[in-house]
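Working notes, beginning with the structure itself.
The values are calculated or read from the model by the stated rules, or taken from the named source; none is laboratory data. Everything quoted here is computed from the prediction, not taken from an experiment. Neighbour counts run over all protein chains shown; Cβ positions are idealised from the backbone, glycine included.
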Amino acid sequence: MKRHLVLNQWFDWFVPGDTNDTRLFHSDASDYVRVCPPQLGQGYFQEIPLREDLSIRIIDYTLKHELFVDTLGDRNCLKFQFQLAGKEPGYSCFSPDFGTRDFDINLADKRIFLVEVIFKATSFSTYFHQFVERLSPPLQQLSKEIVQSIYQYYIGKPIAATAVLERIVNYPVTSEQPPFEQILPASLYTKFTSIDCARRCIITTRMYNIIEQILNCPYRSLNRCKYLERKALNLVALYLDNLVKPQSNQLQHDDLTAIYQAEESIRTNLENPPPIKILTRQVGLNRLKLNQGFHQVYHTTPFGYLKKCRLAKARRLLMTSELSVEQIASTVGYTSRRGFATAFYQEFGLNPKKFQIQALNLAS
């Protein structure tokens, strides 16, 4: 059985819970707890407020049925997510939320378990800029273009870059807000894949240690709050530190420039990308340095990056166009529908035709 939900917030399909629930690692009367209704599955959502602009979320659930959710994102906040079980276990990710709608697939019989550090509106710009300044120069520029594009969609005109984030965060979002895939122009959305790859980091041993300390906090009341606040900020600092380290060794400036050229060559030739031997000659790097560079800047291989770009573009076309699955597969460089369907399922957990039907149904 499949369920289809249209919600104002993604966790609205959870029902109110009790802070005395024995499944919680620890709790306090000030915590916000919701539980998965029995007809859908089991598990819980727990938000622990630490201060006005900061909270921790512990999310742990398993569904009985596939759940398609069309929802507004968390408003006026950004997240540092640490996935312990689910689609990408062992990875951390930076995720700002600009109030766009989101279409998501929750698979049956697959445990989702993650810890999130959430910064609210007053700290949004601070941590957004801390993330962006650790990106490579081309990705810093791309981040500015994406933020300007979102602002222009909301407001209708560009403004000075320094004021854009604050305006977006405080912009009154309605339930009719479109998804990210519809807000960004096609060319900019395809470029976004580079940031999407760069923001993913492996959860290090030090991060796991702090996550364990968060999950097994030995304190209560005010001491608990102070302890968890310190651990949350340490965890975010480790994530940001992990982002900047790869940029500081091995590759020289000319090598990095060559990596950026290789990325553009892959992204702009999805239907017929250059073979690796030709790509290395085009940018003047050997295969080892090319792979090292992609791992340092985009946390994947050139082939992995090509796959990410293809599937991101395919997802957008499935949501926004009337092209058939076969046409979309061909457009993004797949020579067979079966190969495309397999890759899409591995990335998003759903057959592309089924994804297209559900996305169009929820959008109508």
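Inclusion of Val283 among residues that are in contact (Cβ under 8 Å) with a residue 40 or more places away in the chain and under 25 Å from Arg199 (Cβ atoms) is not warranted. Scanning the stretch 315-336 for residues that are closer than 26 Å to Pro274 by Cα and assigned to a helix (DSSP H, G or I) returns Arg315, Arg316, Leu317, Leu318, Val325, Glu326, Gln327, Ile328, Ala329, Ser330, Thr331.
Results for (1) surrounded by 14 or more Cβ atoms within 10 Å (Cβ to Cβ); (2) closer than 23 Å to Phe131 by Cβ; (3) aliphatic (A, V, I, L, M), shown as yes or no for each residue.
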residue	(1), (2), (3)
Asn242	yes, yes, no
Leu270	yes, no, yes
Leu279	yes, no, yes
Val283	yes, no, yes
Val297	yes, yes, yes
Arg337	yes, no, no
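Among the residues making up the stretch 337-359, none is outside any helix (DSSP H, G or I) and hydroxyl-bearing (Ser, Thr, Tyr).
In the stretch 81-128, counting only strands (runs of 3 or more DSSP E) that sit wholly within it, the ones holding 3 or more residues that are modelled with pLDDT under 90 span 101-106. Suppose the filter is among the aromatic types (Phe, Trp, Tyr), within 16 Å of Pro89 (Cα to Cα) and modelled with pLDDT of 85 or more; does Tyr189 pass it? Here the answer is no, as Tyr189 does not meet what is asked. Yes or no: the stretch 272-287 includes at least one residue that is modelled with pLDDT under 90 and part of a helix (DSSP H, G or I). Checked against the condition, which is being modelled with pLDDT under 90 and part of a helix (DSSP H, G or I), the stretch 272-287 yields no hits at all. The criterion of being touching a Leu at 6+ places or on another chain (Cβ under 9 Å) and closer than 28 Å to Gln213 by Cα does not hold for Phe103.
One residue stands out in the stretch 56-80 among those that are of a type in the set (Asp, Glu) and modelled with pLDDT under 95: the one that is farthest from the chain's Cα centre (by Cα), namely Glu66.
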